[in-house]
Each structure stands twice: as structure tokens, then as C-alpha cells.
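Take a look at the structure set out below.
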Amino acid sequence: MIEVPAGPGYFGAQTAPEPEKIFQAREDGTALLSNYMELADLGCYDNAVPNYFEFSTPGASNLPACLILMPAGE
């Protein structure tokens, strides 16, 4: 199991409030990431064996959450 985030039990304590312009760009789908988001690195996994993720949010969690999966650099 990986606790995400590793510190406090919630995201949002480490970033400044998001400006309306950035919020609207995310809502419109023209921006996905900004400096106003907290990220948690879930690590690198070998593709020689199948990998599975089970995403289970606790009650009163701050959703939605974006999960970004990408290949690691060589």
C-alpha cells in the first residue's frame, strides 16, 4: 500500500488558492496541471509483470482526483 499523500491525510495544505483563471481553464479542459496543484509520485513499476492499482478514497475526501500514468524515461 502507498499512502497518498505521504504527510497529512489530505491534499491542499501545501498550495496557495487557485486563481479563477486557472480554475476555469481546468474546467474547460484547456489546462490539466498548474503550480496550484499538489502531486504525489506513486513510483515506477516494471512492465515485465502486470501492474494493478486499486483507488479507494476515504469518506469526506477532496475529490475529484486526477491520476496521470505515463511511461518512465529511459
Determine which member of the set Leu63, Leu33 is part of a loop (DSSP other than H, G, I, E, B), open to solvent by 70 Å² or more (accessible area, probe 1.4 Å) and modelled with pLDDT of 75 or more. Leu33
Of everything in segment 14-30 that's touching a residue at least 12 places away in the same chain (Cβ under 8 Å) and in a loop (DSSP other than H, G, I, E, B), which residue is most open to solvent (accessible area, probe 1.4 Å)? Gln14
Selection from segment 36-49 of residues open to solvent by less than 80 Å² (accessible area, probe 1.4 Å) and either over 19 Å from Ala72 (Cα atoms) or part of a helix (DSSP H, G or I) (or both) yields Met37, Glu38
So, in segment 1-13, how many residues would count as being open to solvent by less than 70 Å² (accessible area, probe 1.4 Å) and farther than 17 Å from Pro64 by Cα? 2
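The values are calculated or read from the model by the stated rules, or taken from the named source; none is laboratory data. Note that the coordinates shown come from a computational prediction; the quantities given were computed from them, not determined experimentally. A quick note on method: Cβ atoms are made from the backbone with ideal geometry, for glycine too, and the neighbour counts reach across all protein chains shown. When the accessible area is computed, the model is the full protein with side chains, heavy atoms only, and any ligands, DNA or RNA have been set aside. Shrake-Rupley method; radii C 1.70, N 1.55, O 1.52, S 1.80 Å.
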